[in-house]
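Reading through the structure tokens given below for one structure.
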Amino acid sequence: MNFDLSEEQHALRESLHSYLRSNYQFEQRQATVAGPEPFDRALWQECADLGWLALPFAPEQGGLGGSAIELMLLFEQCGRFLVVEPFLETLLMAGGVLKRVRGDDIDTRLNAIIAGRTQGALAHGEPQHCDERGSVRCTATYQGGAFALSGRKAVIYNAPTADFFIVSATADAVAPGLARGDLCLFLVDSHQPGLALTPYQTVDGRCAAEVNLNGASVDSHRLVCSGDKAEQLIRAVFDDVTLALAAESIGAMDVLVSETARYISHRKQFGRPIAEFQSLQHSVADMYMASELARSLVYAAAIKLREGAQDASLFLAAAKAKADKSGVFVAHNAIQLHGGIATTDELKIGHYLKRITVSANLYGSRASQVRRFWQARCEPSKQCSSPELAA
Amino acid sequence: MNLELTTEDVAFRKEVQAFLTSALTPHMRRAGLRTTSIFSEFEASMSFQRALHDRGWAAPEWPLEYGGTDWSQMQKAIFQEECQRANSPATSSIGIQMLGPMIIRYGTTEQKRVLLPRILSTADVWCQGYSEPEAGSDLASLQMKAEKVGDDYVLNGSKIWTSLAHHANKMFCLVRTRKSEKPQAGISFLLVDLDLPGITVSPIVSLDGEVEQCQVFFEDVRVASSQRLGEENQGWEIAKYLLEYERGGYSYYVALDKQLNQIKTMASSACSEGDVPFIEDPVFTAELAELEIDKLALEYTEYRLKTRLKEQGKPGALSSMIKVTGTELGQALDEMAVRLRGQYLAPLQNHCLDPDFTGPCVGPVCGINVMNRYLNNRASTIYGGTAQIQRNIIARMVLAREGV
């Protein structure tokens, strides 16, 4: 057992960190968020040139074959610098579906993603559900070689800039190769007639949209996956998403702990640095502990996911649940210890709270992670305890 | 990064399992199951330690040349896991885990030759004389006097919270040999025979009605200066080394796993409202799942610490974090177990916890130790450096990291 990064992994982390330190100071990030474009396209192109957009894809798809460890390292840095560029949405969600299916133009699209030339979004979440477990109410009706897609997709991050969508829908009638009720995943272009967006900004500095499908007619060859395979695929994509969001949180927490320690060491009240007050010291200690404990579980989950371990989903649920809880705790304390200044838009501290809070609620709640953990814990043996304790 | 155990570690686990299967008597296992603090019933503890000694495993933390082992940190954790799983009684940690490393580091050749084998074999049973009525967290303010008279020290004062002093024949203690401006500077480390004239051991009854702690009084007790460990006035340095050592080798997650297992067993039979077992009550399982996630986070943090110790030296603030988290989580699980015990926590039946007892007791057998353990473990965030002191240490490290 070891938790050390390989030389290559270490180098990846260093290069991500030094690039973002030079190009992604908080002021630069805020300028992007306030600007006309939802994110910095020039920076996205640089990330493509540096090879980072190729990380999640297999070498035969033109990617670098990065494992869950590399994804964790990427998103930890995204979390540290509050990156708003759509690494999660284009690479792991839309790209995460594409890389797991076969089709004529799939490789072309993957190449375009890796080259930074195209943006995608996974239109899966709906008003009634927001992760892989809810049943999909959008419908796909088969009519003479095409499917008509109807329904509403909720809070689809990166939708306003997406060139293509992966849309999930439930087959509402029997079709070739499909049973009624099967989950279907369609590849849909953004200019598709019958697809309408209501775009908006998000509290964490990104863009998203409500996506309405009004009988959008999609060729049957755009059905990229269906049935049990589609269910499994969505689960696999959300495993990556879960890890990425948890990794973002440990990056964010690391910054919050350091910034808070530095701030209270310099801020003077009652004639001395407020770091001399024990109640503040204990808050910092608690923040540090919360952050490190979450980090350990994220490491464990990344390793389990890389290895395709049977209990990977248990560890992912635990890591996300812990990272969410720790993240909110650390962010609350960081604001409290900074005082009034951290309640302003000017300081970056509060922006971490916004991202962490969104992350904790976007693709499934904390409660659903805890439930998932518990079910995975009890599932294999149908028994949660061991019998050796009878005295 | 990987979580694999090496083939040596897997083989090692089997070896430990095989040893425990043959070495543990039913009496020892009952003592292990009925443990209500960090100590198990004394005789069972000693028998187990002798069995370990016969196997050469009595002191995993010591260097091989002094009768220790060459186990890796992971192997030490595996050993603890297997001991816990087999319901082994706790071994006496005081001589082996606390004093031994000090003698090895600071002792004379003669002290090592004479004392170390007697610790391993249980010929000597040691207790630790640190705290005093007026010196708890502020240990350096300790006042027990040791005046140099000829070649002896004459000891006056008292030590308190001395675990197992009523079973011990020897005490290692910190005494004041010089008054100095810096309180840490005038402290020496003495090894004292408890049968010397002038020593009185007075047991302290804990909340559970049992005795684990004592107060020890010293009145003109003469101790030969050859019984000093290290140099005169070097005691504080030795004690600090000991405190770091004390926090290095223990795995909290192992005991927490056992608590969790017990809770799940209890929750399968104990019922919440409407005849539903707690284990099927969503309100209860949500809380339990959260605690189990916290345990898992601690477990992997402990692994991170174990696998980095070698290269990165002293555990320092990270071990403080493990101690705080491990003990506070243990207390949370104790509270949960108490709730599951329900009305059966009321019957006072300490006799059922005796490993010799095999008769009937009131209420379910699983969970018979819960109330007493709950009471005893209130001390876990006080002893060995309070949770507040540990947080001071962690904060100091986090602040120092930022260069301030």
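Screening the candidates B:D220, B:D294 for the property of being of a type in the set (D, E, K, R), more than 15 Å from A:C378 (Cα to Cα) and buried (at least 22 other Cβ atoms within 10 Å of the Cβ) yields one hit, B:D294.
May I ask you to list the residues in segment A:324-344 that are farther than 13 Å from A:L256 by Cβ and in a helix (DSSP H, G or I)? Once the filter is applied, which keeps residues that are farther than 13 Å from A:L256 by Cβ and in a helix (DSSP H, G or I), segment A:324-344 yields A:D324, A:K325, A:G339, A:G340, A:I341, A:T343.
Considering segment B:212-271 alone, what residues qualify as being more than 16 Å from the chain's Cα centre (by Cα), away from chain A (no Cβ under 14 Å) and charged (D, E, K, R)? If the condition is that a residue be more than 16 Å from the chain's Cα centre (by Cα), away from chain A (no Cβ under 14 Å) and charged (D, E, K, R), then B:E219, B:D220, B:R222, B:R228, B:E231, B:E232, B:E237, B:K240 are the ones that fit. Does segment A:52-62 include one or more residues that are over 30 Å from B:Q73 (Cα atoms), surrounded by fewer than 17 Cβ atoms within 10 Å (Cβ to Cβ), in contact (Cβ under 8 Å) with a residue 60 or more places away in the chain and away from chain B (no Cβ under 14 Å)? Looking for residues that are over 30 Å from B:Q73 (Cα atoms), surrounded by fewer than 17 Cβ atoms within 10 Å (Cβ to Cβ), in contact (Cβ under 8 Å) with a residue 60 or more places away in the chain and away from chain B (no Cβ under 14 Å), one finds none in segment A:52-62, hence no. Each residue in segment A:299-321 was checked for being within 13 Å of A:S359 (Cβ to Cβ) and either facing chain B (nearest Cβ under 9 Å) or not in a helix (DSSP H, G or I) (or both), and 2 of them qualify. Taken together, the criteria place A:L88 among residues that are in a helix (DSSP H, G or I) and crowded, with 23+ Cβ neighbours inside 10 Å. A residue that is among the small types (G, A, S), at pLDDT below 95 and assigned to a loop (DSSP other than H, G, I, E, B) occurs somewhere in segment A:152-175.
Across segment B:383-404, the qualifying residues are those that are touching a residue at least 60 places away in the same chain (Cβ under 8 Å) and not in a helix (DSSP H, G or I), and the one among them that is farthest from the other protein chains (Cβ to nearest Cβ) is B:Y383. Within segment A:354-373, if we keep just the residues that are within 14 Å of chain B (Cβ to nearest Cβ) and crowded, with 22+ Cβ neighbours inside 10 Å, the residue that is farthest from A:A208 (Cα to Cα) turns out to be A:F373.
The residues of segment A:243-264 that are surrounded by fewer than 24 Cβ atoms within 10 Å (Cβ to Cβ) and free of Cβ contacts under 8 Å to residues at least 40 places away in the same chain, listed by number, are A:S258, A:R262.
Scanning segment A:208-234 for residues that are surrounded by fewer than 20 Cβ atoms within 10 Å (Cβ to Cβ), out of contact with any helix residue (DSSP H, G or I) (no Cβ under 9 Å at 6 or more places or on another chain) and not in a helix (DSSP H, G or I) yields A:N212, A:N214, A:G215, A:S217, A:D219. Of the residues making up segment A:265-279, just one is crowded, with 18+ Cβ neighbours inside 10 Å and more than 8 Å from chain B (Cβ to nearest Cβ), namely A:I274. When A:K153 is tested against the conditions (1) charged (D, E, K, R); (2) surrounded by fewer than 24 Cβ atoms within 10 Å (Cβ to Cβ); (3) in contact with a strand residue (DSSP E or B) (Cβ under 6 Å, 6 or more places away or on another chain), the lone failure is (2). Evaluated against (1) modelled with pLDDT of 95 or more; (2) in a helix (DSSP H, G or I), A:D107 falls short on exactly one condition, (1).
Is there a residue in segment A:368-390 that is under 17 Å from the mean Cα position of the chain (by Cα) and at pLDDT 95 or above? Within segment A:368-390, not a single residue is under 17 Å from the mean Cα position of the chain (by Cα) and at pLDDT 95 or above.
For every residue, the table says whether it meets (1) outside any loop (DSSP other than H, G, I, E, B); (2) more than 14 Å from every other protein chain (Cβ to nearest Cβ); (3) in contact with a helix residue (DSSP H, G or I) (Cβ under 7 Å, 6 or more places away or on another chain).
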{"residue": "A:L5", "(1), (2), (3)": "no, no, yes"}
{"residue": "A:S15", "(1), (2), (3)": "yes, yes, no"}
{"residue": "A:S18", "(1), (2), (3)": "yes, yes, no"}
{"residue": "A:E27", "(1), (2), (3)": "yes, yes, no"}
{"residue": "A:A31", "(1), (2), (3)": "yes, yes, no"}
{"residue": "A:F39", "(1), (2), (3)": "no, yes, yes"}
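The residues of segment A:300-339 that are of a type in the set (D, E, K, R) and over 16 Å from the mean Cα position of the chain (by Cα), listed by number, are A:K304, A:R306, A:E307, A:D311, A:K325.
One residue stands out among those in segment A:282-291 that are crowded, with 23+ Cβ neighbours inside 10 Å and within 7 Å of another protein chain (Cβ to nearest Cβ): the one that is farthest from B:Y253 (Cα to Cα), which is A:V284.
The values are calculated or read from the model by the stated rules, or taken from the named source; none is laboratory data. From a predicted model like this one, the values you see are computed outputs, not experimental measurements. Methodologically, a virtual Cβ is constructed for each residue, glycine included, from the backbone with ideal geometry; neighbour enumeration extends over all protein chains shown.
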